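For reference, the structure discussed in these notes is given below.
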Amino acid sequence: MLFNLVEVDAYFLEYDDARSGGFEPLRFFPRGSTKRIVLGLMSSKHGGLEAKEVLRRRIDEAARLCRWKTFA
């Protein structure tokens, strides 16, 4: 409902920890939409950086649920 009815240009979604939940709701993002989704995958809650491979895997996982093209 949120992805289809709310008149916004972009959704900024926080997925930087396990408490944020999974990417499953992204499967409801309408195909062909001009709206954008920005995934907050890096945490500012600790001093370390996430590994590049971990970030790439999470982006690919979100992309599969949205039927987006994956990024190389």
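The values are calculated or read from the model by the stated rules, or taken from the named source; none is laboratory data. Predicted, not measured: the structure shown is a model, and the values here were computed from it. With ideal geometry, Cβ positions are generated from the backbone for all residues, glycine too; neighbour counts draw on all protein chains shown. Ligands, DNA and RNA are stripped out before the accessible areas are found, and what is left, the full protein with its side chains, is counted by its heavy atoms. Shrake-Rupley method; radii C 1.70, N 1.55, O 1.52, S 1.80 Å.
Let's see how each residue does on (1) outside any loop (DSSP other than H, G, I, E, B); (2) open to solvent by 100 Å² or more (accessible area, probe 1.4 Å); (3) touching a Cys at 6+ places or on another chain (Cβ under 6 Å):
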site	(1), (2), (3)
8	no, no, no
13	yes, no, no
26	yes, no, yes
44	no, yes, no
47	no, no, no
50	no, no, no
If you check residue 50 against the conditions, is it touching a Ser or Thr at 6+ places or on another chain (Cβ under 8 Å) and not polar (S, T, N, Q)? yes
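Does residue 69 count as at pLDDT below 85 and over 11 Å from the mean Cα position of the chain (by Cα)? Before you say what the answer is, go through the steps one by one.
Values: at pLDDT below 85: yes; over 11 Å from the mean Cα position of the chain (by Cα): yes.
Answer is yes for this residue.
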When the residues of segment 28-42 are narrowed to those that are among the charged types (D, E, K, R) and over 11 Å from the mean Cα position of the chain (by Cα), which ends up surrounded by the fewest Cβ atoms within 10 Å (Cβ to Cβ)? 31
Taking residue 56 and the conditions (1) at pLDDT below 90; (2) assigned to a helix (DSSP H, G or I); (3) of a type in the set (Lys, Arg), which numbered condition does it fall short on, given that it satisfies the others? (1)
